[in-house]
Amino acid sequence: MTSRVGHSGPMRVLVTGGSGLVGKAIEHVVQKEGGKLEGEEWIFLSMKDADLVDAGQTRAVFEKYRPTHVIHLAAKVGGLYLHMRENLQFLRDNIKINDNVLQTAHEMGITKVVSCLSSCIFPDKTTYPIDETMIHDGPPHDSNFGYSHAKRMIDVQNRAYFQQHGRRYTAVIPTNVFGPYDNFSTENGHVLSALINKTYKAKKEGSPVNVCGSGAPRRQFIYSLDLGRLIIWVLREYEEVDPIILSVGEEDEVSIKEAVDTIAVALDFKGKIHFDTTLSDGQMRKTASNGKLRSYLPDFTFTPLKEAIKMTCDWFVANYDTART
Ligand code: NAP
Ligand code: GFB
């Protein structure tokens, strides 16, 4: 784990979106798990440091820290129901953020940028499992087409920087992420964080948990700490421009109902669980192959889902007053 693509000397890594779910996980790995090598500097940015929608602020924060490497996580992010309400904003903000970060990195001669796509950007009508070669094979699911098209353009832009300038900018494609520091909003959060908060409240109030949709859709959930470890590996070792899916195996895909049941056990909730089938299920499945990841890292161990959900629930209960809700 020592090579530093296209760069000699210690890295200075700028992490955009460093205050979010994935950024906090990377920070944990860097600071608490020996993820930082001798002489390296890691800078974790939040929106307070710079609004990356703005080209001037992006340039200024890059000038301030002069990184050698960038992990680009910053994005307008949200769960299914926020996407359905704000496709235009997801499209415009993310296009601007991504272009500002990639072009500034290029202008400043930065040798490596690892950006973040998402498995929801894959074509909706497809064969399974989905792999890295299929990103542009058809339209994404209609619920999040704004975010998906903006994210797909990162892959296009990476290829163009390589073709015209030889830059090795790449991207990772995580499946659904969860863990400490997630956005636990019941309205705008992703499914596990929203349901952890709903279950916690239902237990306190003695009311049922309201799950949106039928519970039938299936998802591959990756624990943020596992994702953090893998993204650091990508930064150090992965030399392709083509993206790589970071996911648990197909056999670890679970239904939303199974996920809710696991949360109920973790929070010791014994009340009723109600499925509101008047609400959208979103994409029924987006099963992704982690074959490429396995060809590089056959022995990487993912935290078992039950254990990771339990740790996330415990974190949420312990940090309820400061958690994003
Ligand atoms: P998150 O917890 O919502 O964090 C988003 C981060 O981006 C925060 O640090 C936020 O800063 C920053 N940010 C948002 N808008 C910004 C702006 N205009 N200028 C500067 N910074 C801005 O999201 P996350 O789940 O960690 O997502 C990280 C990356 O993973 C994203 O690229 C996302 O698309 C991708 N991803 C996430 C999932 C998932 O299930 N969560 C799945 C696949 C891919 P503040 O804290 O200051 O607001
Ligand atoms: O995490 P999520 O919002 O996004 O999960 P996606 C949506 C699925 O969980 C749907 C069900 O099947 C919902 O019906 N669900 C049940 C709930 N209860 C809830 C709830 O209280 N809140 C939410 N949010 N869902 C995402 C993209 O799609 O894929 C994200 O929208 C991201 O931005 C992620 O890229 C990887 O998995 O449907």
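Could you list, in sequence order, the residues of the stretch 199-221 that are more than 13 Å from ligand 1 (Cβ to nearest atom), polar (S, T, N, Q) and surrounded by 18 or more Cβ atoms within 10 Å (Cβ to Cβ)? Listed by number, the list holds a single entry, T199. Note on the stretch 127-138: residues that are loosely packed, with under 15 Cβ neighbours inside 10 Å and β-branched (V, I, T) amount to 2. Taken over the stretch 9-36, residues that are of a type outside the set (A, V, I, L, M), within 16 Å of ligand 2 (Cβ to nearest atom) and not in a loop (DSSP other than H, G, I, E, B) amount to 1. Taking the stretch 68-80 as the range and being more than 14 Å from I231 (Cα to Cα), under 22 Å from the mean Cα position of the chain (by Cα) and more than 8 Å from ligand 1 (Cβ to nearest atom) as the test, the residues that pass are G79, L80.
I173: more than 30 Å from I273 (Cα to Cα), within 11 Å of ligand 2 (Cβ to nearest atom) and not small (G, A, S), yes or no? Considered against the rule, which asks whether it is more than 30 Å from I273 (Cα to Cα), within 11 Å of ligand 2 (Cβ to nearest atom) and not small (G, A, S), I173 comes out as yes. In the stretch 292-316, the qualifying residues are those that are out of contact with any helix residue (DSSP H, G or I) (no Cβ under 9 Å at 6 or more places or on another chain) and closer than 17 Å to V177 by Cβ, and the one that is surrounded by the fewest Cβ atoms within 10 Å (Cβ to Cβ) is E307.
Whenever a residue of the stretch 37-49 is over 15 Å from I71 (Cβ atoms) and within 16 Å of ligand 2 (Cβ to nearest atom), it has no partner that is modelled with pLDDT of 95 or more and charged (D, E, K, R) lying with C-beta atoms less than 9 angstrom away and at least six residues away or across chains. Residues in the stretch 234-257 that are away from ligand 1 (no atom under 16 Å from the Cβ) and either of a type in the set (F, W, Y) or in contact (Cβ under 8 Å) with a residue 12 or more places away in the chain (or both): R236, E237, Y238, E239, E240, V241, D242, G249, E250, S255, K257. Please indicate, with yes or no, whether at least one residue in the stretch 46-64 is closer than 29 Å to K286 by Cα and assigned to a helix (DSSP H, G or I). No, there is no match, as no residue in the stretch 46-64 is closer than 29 Å to K286 by Cα and assigned to a helix (DSSP H, G or I).
When I173, I196 are checked against the criterion of being surrounded by 23 or more Cβ atoms within 10 Å (Cβ to Cβ), more than 9 Å from ligand 1 (Cβ to nearest atom) and of a type outside the set (D, E), I196 stands alone in meeting it.
The rows are residues; the columns are (1) surrounded by 19 or more Cβ atoms within 10 Å (Cβ to Cβ); (2) more than 30 Å from L37 (Cβ to Cβ); (3) modelled with pLDDT of 95 or more; (4) touching a Pro at 6+ places or on another chain (Cβ under 7 Å).
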residue	(1), (2), (3), (4)
L227	yes, no, yes, yes
V234	yes, no, yes, no
Y238	yes, no, yes, no
V241	no, no, yes, no
I244	yes, no, yes, no
E250	no, yes, yes, yes
T262	yes, yes, yes, no
V265	no, yes, yes, no
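Screening R152 with (1) over 29 Å from S19 (Cα atoms); (2) touching a His at 6+ places or on another chain (Cβ under 7 Å) gives one miss only, at (1). Please specify each residue of the stretch 280-325 satisfying the condition of being of a type in the set (A, V, I, L, M, F, W, C) and outside any loop (DSSP other than H, G, I, E, B). Passing the criteria: A288, L293, L305, A308, I309, M311, C313, W315, F316, V317, A318.
The values are calculated or read from the model by the stated rules, or taken from the named source; none is laboratory data. Source: prediction; values computed, not measured. Cβ coordinates were reconstructed from backbone atoms using ideal geometry, including for glycine residues, and neighbour counts include every protein chain displayed.
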